[in-house]
1. How big, on average over all directions, is the shadow cast by the Cα convex hull of the range 143-186, in nm²?
2. Mind checking Rg over Rh on the range 68-122, alpha carbons, Kirkwood formula for Rh?
3. With a 10 Å Cβ neighbour count serving as the proxy for reagent exposure, in which order, fewest first, do 91, 144, 174 appear?
4. When 66, 105, 131, 114 are ordered from fewest to most other Cβ atoms inside 10 Å of their Cβ, what list results?
5. Using the Kirkwood formula on the Cα atoms of the range 66-174, what hydrodynamic radius do you get, in angstrom to one decimal?
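Here, each number is a calculation from the coordinates, and none is a lab measurement. None of the values given here were measured: they were computed from a predicted structure. Glycine also receives a Cβ, built like all others from the backbone with ideal geometry; neighbour counts cover every protein chain displayed.
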């Protein structure tokens, strides 16, 4: 029996609710996700590209499929698939999904030359989006350049940040190892002389 296991198992509903509305708050949840991304055991390229795939997928209208699509893109690019899943959670959540959908709707209609697009209802549902081609098509069109820009804006700084973080972490480990050897060196030498 694990020492840190919950006494009462969480229900599936609670897992879903925590994903969309975390009980710890969005700030602490975002800090936790950022910490998890930093500690992923992979190359800076793989982590940055995976995170970029997740964030780029998060600005598409395919609600409910973001994680799957992000992981597939990460797999194609040989990027970190866990980073892709975490990236979708960072971008697409209960606070951001409405602005994202409104942006895609207006941007897609602007690309099509529709100066007065049909306004979205106050309460958007998945059924409304996926069963209304005049709504879904402009969103898909607007999502393509948006996702490309988001991918680049995520990948470039994240690769640099992950490389810098891993270098600092490596130097810190080397310094700790050398300090431990300096502390243990004289004691080890004295023990060897005593035994001899």
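1. Values: hull surface 12.0 nm².
So the Cα hull casts an average projection of 3.0 nm².
2. On the way: Rg = 15.1 Å, Rh = 13.2 Å.
That ratio is 1.14, to two decimals.
3. Details: 91 20, 144 13, 174 10.
In order of increasing Cβ crowding within 10 Å: 174, 144, 91.
4. Working: 66 25, 105 22, 131 10, 114 13.
Placing the least packed residue first, the sequence is 131, 114, 105, 66.
5. Values: mean 1/r = 0.0617 Å⁻¹.
For the range 66-174, inverting the mean 1/r across all distinct Cα pairs yields 16.2 Å.
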